[in-house]
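The values are calculated or read from the model by the stated rules, or taken from the named source; none is laboratory data. What you see is a predicted model; the values in this text were computed from it and never measured. Please note: Cβ atoms are built from the backbone with ideal geometry, for glycine as well, and neighbour counts cover all protein chains shown. Quick note on the areas: whole protein, heavy atoms, side chains included, nothing else; ligands and nucleic acids left out. Shrake-Rupley method; radii C 1.70, N 1.55, O 1.52, S 1.80 Å.
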Amino acid sequence: MDHGPAVEYHECDELLKYKQKAGLRLFFIYSGIYGVFVLLNTVFPSMMESVIFFGLNLAIVYGIGLILIAIILGLLYNYQCTKMEKRLDTSSSKTQGGSE
Amino acid sequence: MIYTASPLAVGIFFAVVATVLCISFYFGRKTTSAKGYFAAGGTIHWSVNGIAFAGDYLSAASFLGICGMIAFSGFDGFLYSIGYLAGWVVALFVVAEPLKRLGKFTFADALDSKFNSRDIRLMAAISTLVVSIFYLIPQMVGAGALVTPLLGLPHWVGVTLVGGIVIFIVTTAGMKSTTYVQFLKGALLIVFSVVLVFMVVDRGVQDVPYEGYHDFITLQAELTDGSITYVSDPAYTIAGEYTENGLHFVKLEKDGINNWWNLETDTSTLTEALTIVTLDDGSVLFNGAPREDQLFYPVGSMHRIMADGEQVEEVRGLNVISFLAVIQESEVVRFIADVFTSGDEKVRIWYQEITPGNEILSPGLKFHIDEGSSFADKMNFISLMLALFFGTAALPHVLIRYYTVPTPAAARKSTIVAITAIGFFYILTLYMGLGAMISGVLDVESSNMSAPLLAQSFGTLMFAIISAIAFATVLGTVSGLIVASSGAVAHDFIDNFLGRKLTDHKKVIAGKLAAVGTGIIAILLGIAFKGMNVAFLVGLAFAIAASANLPSILMVLFWEKTTAKGIAASITTGIISALGLIMLSPSMFTRYGLEASAAPLPLDNPGIISIPLSFAVLIIVSLMTQDKGKPQGEKALTS
């Protein structure tokens, strides 16, 4: 028996598919960057000691870069979703942000 | 080390605790319904929820554990920061909105939203409890580690104190008070960490960390046939020696005090070490004397400072880039732990090792993944990074926070606020950890104390503030975990699995009783696991969450052939395999008092086996039960 979700949110299929596609695309991009980082550390650890710029090595630049890229991709995802929500003018977009 | 409580530190600590309790009282009067208790009524603003996410997630492991690991192992500790943050990408891009859309109080609501399966309810509740308890252990260990220097109380008192306060917070007001405690703590943690990092880089790097830092002595020695026969200072006499795995330790006696030194055989030099020696009669000596004699020093300093290619005694007024560049060029004195038995002495020794900065700031000091490492070492590292990446989006206390906001869009926005705040904080951990490493403040007995002790090097006020925030950090995270556990018991287990259909009021009562029970279990385990690095322990909780919960969450969202039986089997497999592998791991064998090498598997983190196994079981069981657990023609939930 399908008892369904506890709370119903009305978002059209087009919006749901768009968000899912955008999220998965960014997820795979980030997973690739993260995977390369783990691979480099595991297979070519000495490469991580190479100084890249400003006296900082690849390990530090890549590590901090991974954190910054996560933030940037997050903002990009929100921009894409918000733009689409406004365009489709769903009930969700009207109520987003909530209240206290 | 001996810690003495300062009145200022005690005052600020109690002010923070009083504030937390006031918040609980205030919201306690307003919370009457189950939705209010378990999900704060779903009315929290996304920006508040985002910072509360950060307050929830930046636990003792993040603040105390990671800073401590960086302070002792450099970049390898920072790998935890990277992995913890990367996990939020999975949460944001894949899980946040669908889970909000499908759930009510717990993540089991979302998993079960199309099946109405008692099996799923039961297994999701068990999984929530197991993951929460594993996550609670390091928080309680961290609380005990903090209270000792802050209030001069024993570890078990700290653990009991945190447990008691958190049980009070959760049983008075539930998720709403927890949210605002986490919001307050998250904001304070980030603001004061910024202040601390600014002070660290501005102070820069010095040869001698501070006036009064213990001057570790080096003596010249002579060896005959591999044994020591002469020491350059006649005040010392040779009282014994011990050799193992290329390490050579020598016991020297001076003024009636015996202590062990490290002999570097290639240069025939003896370097002073720190030791804790347990004698047959049970007495314990710290550097050859009782603890009260205070011969067991704080450590951590530079060996050689290079700035712009020149050797200097100190560099001050650095910025966030030049601070790292100076450490990269220079050399640091680290203290490496070892254990051996010599005659009637059980010796724990921390000997000096001069480590080049480029090794500090690259992998290999903790995780043996550099050249010459074994296949198992590399697998262990990959397993940890996998568990951290997939664990965040499966943590029950993170998942329930999606139900405190009104809409899926608000869930998304609050996740982005969380990623920004958490990511920024994790970058700060690198500076706090490295700052502690070279500031002569480290307590080799407790890596978890590195960040508060770094703050202490800037004065009692900073120490008091940072310690109080760290304590609030523990309170915030433990509260979230206990709310998640109480929801699993009252909502998933009693209400949905047993089918008791409790009234709103009774469901809240059941949740509060479950909170008390979980709190007591957490207190007992926190006492039992004293001394383990909290970041390592949290890594295990991530592995269990990633193995037990994530395969089900992802597959129910994206694979239309997923069945109820498949989900229940996957969660069961994830819990059992992850827990089993942890129990058989080298770290746990050490905990049992056995040799690590006796462990049947070399993996400390089970993720690389248990996560794929859980996925595989879900797929196989779902394919075998196509007609039993799932309505025909259903599509995956997000399509």
Practice task
Considering only region B:151-192, state which residues are buried (at least 24 other Cβ atoms within 10 Å of the Cβ), closer than 25 Å to B:Gly433 by Cβ and of a type outside the set (Val, Ile, Thr).
Solution key: B:Gly158, B:Gln182, B:Lys185, B:Gly186, B:Leu189
Completion exercise
The residue that is farthest from B:Ala548 (Cα to Cα), considering only those in region B:588-630 that are of a type in the set (A, V, I, L, M, F, W, C) and in a loop (DSSP other than H, G, I, E, B), is B:Leu594
Practice task
Out of the residues in region B:346-366 that are away from chain A (no Cβ under 11 Å) and among the hydroxyl-bearing types (Ser, Thr, Tyr), state the one that is surrounded by the most Cβ atoms within 10 Å (Cβ to Cβ).
Solution key: B:Tyr351
Problem - Unmet criterion (only one of (1) touching a Ser or Thr at 6+ places or on another chain (Cβ under 8 Å); (2) over 28 Å from B:Leu223 (Cα atoms)) for B:Gln311 - result: (1)
Problem - B:Gly68 vs. criteria under 10 Å from the mean Cα position of the chain (by Cα) and either buried (at least 24 other Cβ atoms within 10 Å of the Cβ) or among the acidic types (Asp, Glu) (or both) - result: yes
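Here is a yes/no grid of residues against (1) more than 22 Å from B:Thr429 (Cα to Cα); (2) in a helix (DSSP H, G or I); (3) modelled with pLDDT under 85:
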{"position": "B:Gly55", "(1), (2), (3)": "no, yes, yes"}
{"position": "B:Met69", "(1), (2), (3)": "no, yes, no"}
{"position": "B:Phe105", "(1), (2), (3)": "yes, no, yes"}
{"position": "B:Ser127", "(1), (2), (3)": "yes, yes, no"}
{"position": "B:Gly144", "(1), (2), (3)": "no, yes, yes"}
{"position": "B:Ile167", "(1), (2), (3)": "yes, yes, yes"}
Completion exercise
Quick count over region B:367-421, residues being of a type in the set (Gly, Ala, Ser) and surrounded by fewer than 24 Cβ atoms within 10 Å (Cβ to Cβ), is 6
Practice task
Return the residue satisfying two criteria in turn: it lies in region B:288-319 and is open to solvent by 70 Å² or more (accessible area, probe 1.4 Å) and without any contact (Cβ under 8 Å) to a residue 12 or more places away in the chain, and of such residues it is farthest from B:Trp260 (Cα to Cα).
Solution key: B:Asp308
Handout entry: Number of the condition not met by B:Val201 [criteria: (1) within 29 Å of the chain's Cα centre (by Cα); (2) open to solvent by 50 Å² or more (accessible area, probe 1.4 Å); (3) of a type in the set (A, V, I, L, M, F, W, C)]
Key = (2)
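Residue-by-condition table, conditions (1) farther than 30 Å from B:Gln328 by Cα; (2) assigned to a helix (DSSP H, G or I); (3) not polar (S, T, N, Q):
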{"residue": "B:Ser414", "(1), (2), (3)": "yes, yes, no"}
{"residue": "B:Gly435", "(1), (2), (3)": "no, yes, yes"}
{"residue": "B:Phe458", "(1), (2), (3)": "no, no, yes"}
{"residue": "B:Val474", "(1), (2), (3)": "yes, yes, yes"}
Exercise for the section: Tell me, please, whether a residue that is modelled with pLDDT of 85 or more and facing chain B (nearest Cβ under 7 Å) can be found in region A:80-95. Expected result: yes
Exercise for the section: Could you look through region B:422-459, keep only residues that are closer than 23 Å to B:Phe13 by Cβ and open to solvent by 20 Å² or more (accessible area, probe 1.4 Å), and pick out the one that is modelled with the lowest pLDDT? Expected result: B:Ser446
Handout entry: Hey, B:Glu359 part of a helix (DSSP H, G or I) and of a type in the set (Asp, Glu) or not
Key = yes
Handout entry: Criterion: facing chain B (nearest Cβ under 9 Å) and either open to solvent by 30 Å² or more (accessible area, probe 1.4 Å) or more than 27 Å from B:Val320 (Cβ to Cβ) (or both) - qualifying residue of A:Phe37, A:Phe54, A:Phe44
Key = A:Phe54
